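Comments concern the structure below.
The values are calculated or read from the model by the stated rules, or taken from the named source; none is laboratory data. Owing to the predicted nature of the structure, the values given are computational and were not obtained by experimental measurement. Note that we place each Cβ from the backbone using ideal geometry, even for glycine, and neighbour counts take in every protein chain shown.
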Amino acid sequence: MVWLRGLTRTASLMDLKRLRYFVAVADAGGFTRAAQILHMSQPPLSRRIHELEEELQVRLLDRDARPLALTEAGKFLLDAARPILRRVEQLERSMREFTQVERPILRVAASPSAAPLALPTILRRFRAALPLANVSLLELTSPEQIKALKAGLVDVAFGRVRIDDPLIHRVVLDDEPLVAAVPLDHPLAVQSALALEDLMDGTMVLFPNDARPSFGDSLLSLLHDRGLAPREVIEVRDLHTAMTLVAAGEAFTLAPEAARHFSHPEIAFRDLSEPLSTPLILASRRGDQNPALQVFISVAEAALRQARAASDATPGARAP
């Protein structure tokens, strides 16, 4: 194909900025929306794409189509451009980090079921250990965490779902007891410990609802192993939304014991008569020698050890 030969011959001469503009137009489905996203006017954006087409000696866009469509050459370039731009962005990020050795960078991800619980205390203690560290926090589900770790987008991740991957190193920091959260006026709320089978006549709210496998899936598996299933299931994005439904009297849920710290006058937290637990898992890239990461892992392990000691001394004081 002539256009493919032209593309291959001149690819080394391509301007990365023009390539980014082309991907933006393709993703936006037109020049107007792409110009808005890029914070530029439409005429210069159109000129940059035209220059790219002249440089490659091939037409990339079918401007007569409504909506705007890619030609076969455009589709080929789009597929090839995405990984190139990702690598360039990763290189730029790595170089920024290289020039900021004196200010360590750590990118932390946490799942909706782990982020609100143990993580805040661990982050505070990490900042105390490395005051100059630049820490960013991103909420991702467990499957999203694995992808982000492998892509180099985050350095460490907290989750509760066991996902095996040869490129990922996992450490189970804790096995945290599960508790039942029921509406305060629920008939079972008068009991100090609840049997799972007594809860199954109600509606169970699970979280998160946008990735598989999820923390909610692990709860259903625990129930299934015991021959149990709730009468009805509602799935929501996060723990906060789940607790809102419980407080409204719409459902019950099972949550890590540290969820007791989300105190609400309309929610009763009760132990389970059959102890169940959920793992708190720390994941990182296998072989990652980032010094800030090693400090973070040590801080996290120490925080959880202290939490376990406090739990042994004072029932209900599980969260670090």
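What the table below lists for this structure:
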| item | result |
| --- | --- |
| Test: residue in region 245-257 that is surrounded by fewer than 18 Cβ atoms within 10 Å (Cβ to Cβ), within 23 Å of D175 (Cβ to Cβ) and either assigned by TED's automatic domain parsing to the domain that holds D164 or within 21 Å of the chain's Cα centre (by Cα) (or both) | no |
| Sole residue being touching a strand residue (DSSP E or B) at 6+ places or on another chain (Cβ under 8 Å), crowded, with 16+ Cβ neighbours inside 10 Å and in a strand (DSSP E or B), chosen from V233, V205 | V205 |
| Residue match in region 288-295 (condition: assigned to a helix (DSSP H, G or I), over 17 Å from A157 (Cα atoms) and under 27 Å from the mean Cα position of the chain (by Cα)) | no |
| Among residues of region 258-286, those that are in a loop (DSSP other than H, G, I, E, B) and either surrounded by 17 or more Cβ atoms within 10 Å (Cβ to Cβ) or touching a residue at least 60 places away in the same chain (Cβ under 8 Å) (or both), counted | 8 |
| Number of the condition not met by L119 [criteria: (1) at pLDDT 90 or above; (2) surrounded by 13 or more Cβ atoms within 10 Å (Cβ to Cβ)] | (1) |
| Residues (surrounded by 15 or more Cβ atoms within 10 Å (Cβ to Cβ) and farther than 16 Å from R20 by Cα) located in region 45-58 | V58 |
| Count - residues of region 54-70 that are without any contact (Cβ under 8 Å) to a residue 40 or more places away in the chain and either among the hydroxyl-bearing types (S, T, Y) or closer than 18 Å to D27 by Cβ (or both) | 8 |
| Residues that are of a type in the set (D, E) and surrounded by fewer than 14 Cβ atoms within 10 Å (Cβ to Cβ), drawn from region 176-202 | D185, E197, D198, D201 |
| Output for region 131-190, where each listed residue is closer than 16 Å to A255 by Cα and either among the acidic types (D, E) or not assigned by TED's automatic domain parsing to the domain that holds P213 (or both) | D174, D175, E176 |
| Positions within region 17-53 being free of Cβ contacts under 8 Å to residues at least 24 places away in the same chain and within 17 Å of I84 (Cβ to Cβ), in sequence order | A24, D27 |
